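The values are calculated or read from the model by the stated rules, or taken from the named source; none is laboratory data. Being a predicted model, the structure only gives us computed values, none of them experimental. Neighbour counts run over all protein chains shown; Cβ positions are idealised from the backbone, glycine included. Areas reflect the complete protein model, heavy atoms only, side chains present, ligands, DNA and RNA absent. Shrake-Rupley method; radii C 1.70, N 1.55, O 1.52, S 1.80 Å.
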Amino acid sequence: LGHVIDHALVEPALAARLDAPIPAGYGCDPVQPDIGCAPRPERFAETFAKWATGDIGFNLPIGYKVEPPASLDDWGAQLVSGVDAA
């Protein structure tokens with residue numbers, strides 16, 4: 001569902017603002033960012049799922065293991081207000 005919301009409702013400027021506080025993902029090498037880094041659509045989808053369900057799910061042995069931003073509530077509020085403005 002996060003991918004659908006991202007594609008259908010999130011404009012590029014909002015996507016950049018929402019992505020800024022999301023960690024790059026477990027195992028991301030800053031020198032070689034293509035190795036182990038979750039791409040922006042995956043960071044959005046995982047963060048959306050955490051926000052929508054209230055379950056951070058970080059310890060699952062699957063996926064990109066993207067940690068949530070410092071405040072899921074703030075992230076979700078920014079998503080809702082940004083989509084409403086568009």
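Taking segment 56-72 as the search range and keeping residues that are in contact with a helix residue (DSSP H, G or I) (Cβ under 8 Å, 6 or more places away or on another chain) and modelled with pLDDT of 90 or more, which one is least open to solvent (accessible area, probe 1.4 Å)? If we take residues in segment 56-72 being in contact with a helix residue (DSSP H, G or I) (Cβ under 8 Å, 6 or more places away or on another chain) and modelled with pLDDT of 90 or more, then P69 is least open to solvent (accessible area, probe 1.4 Å).
Cβ separations smaller than 9 Å between residues 6+ apart or across chains give the following pairs from segment 15-32 residues that are among the acidic types (D, E) to residues that are open to solvent by 50 Å² or more (accessible area, probe 1.4 Å) and modelled with pLDDT of 80 or more: D19/R40.
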